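For reference, the structure is listed below as structure tokens.
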């Protein structure tokens, strides 16, 4: 899975240039490309007030999607997310424009016979939290990811990362789990081990991947973990491993 992210307005010439460059350089063939672009930039093009703007936005979306079809047999188009803290007096209420653009996305998707996912119909906007006008918290992006993955890849089982941000949260989990492991026997793993031992938690072992198991005598492989009522603590730096 790859992510090509950009903050251009879709009307910027660089959008197509970036797309072409990305697919020219990647060695992969993609089973699916999900398009989610054009929401919170380019408000100079006002589709709710101008038919010319509607035509301009429609033509540009079509141009980008036709280009993407060169690189995959499956293109998924996803609705643009709404903005928070909508206040017409401060000029932040762009949601009517976003809804109009989503209508255009649906129409162009139907025209080109593409998959279309109405993300806004599955998000509960009463519970999501924004960190600014249009970006969400990490937990809420994870919540949305489950919705997206569930729609485009229904056979994939989704698991939450179960992030712990404060030591009090960690202690609560430690008090309820019988089998506690630390992933990684490097500096961070050893530090976590010392912490657990210092405060008397029922810590079992450090676990490592098969790649590093031969380097240590006092670790277990990840396949040997007792999964019942278990907690594996992984640092943010190690999570990708």
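The values are calculated or read from the model by the stated rules, or taken from the named source; none is laboratory data. Keep in mind that this is a model prediction, so the values were computed, not measured. Virtual Cβ from ideal backbone geometry, glycine too; neighbours counted across all protein chains shown.
Structure data summary
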read-out	value
Pair list, Cβ < 6 Å and 6+ apart or interchain, from the stretch 78-91 residues that are outside the structural domain of residue 102 (by TED's automatic domain parsing) to residues that are at pLDDT 85 or above and part of a strand (DSSP E or B)	none
Within the stretch 202-211, tally of residues that are touching a strand residue (DSSP E or B) at 6+ places or on another chain (Cβ under 8 Å) and surrounded by fewer than 15 Cβ atoms within 10 Å (Cβ to Cβ)	3
Filtered residue count, the stretch 59-70, keeping only those that are farther than 30 Å from residue 154 by Cα and surrounded by fewer than 19 Cβ atoms within 10 Å (Cβ to Cβ)	1
Failed condition for residue 197, given (1) in contact (Cβ under 8 Å) with a residue 24 or more places away in the chain; (2) farther than 18 Å from residue 225 by Cβ; (3) touching a strand residue (DSSP E or B) at 6+ places or on another chain (Cβ under 7 Å)	(1)
Within the stretch 120-199, helices (runs of 4 or more DSSP H) holding 2 or more residues that are touching a helix residue (DSSP H, G or I) at 6+ places or on another chain (Cβ under 8 Å)	138-152
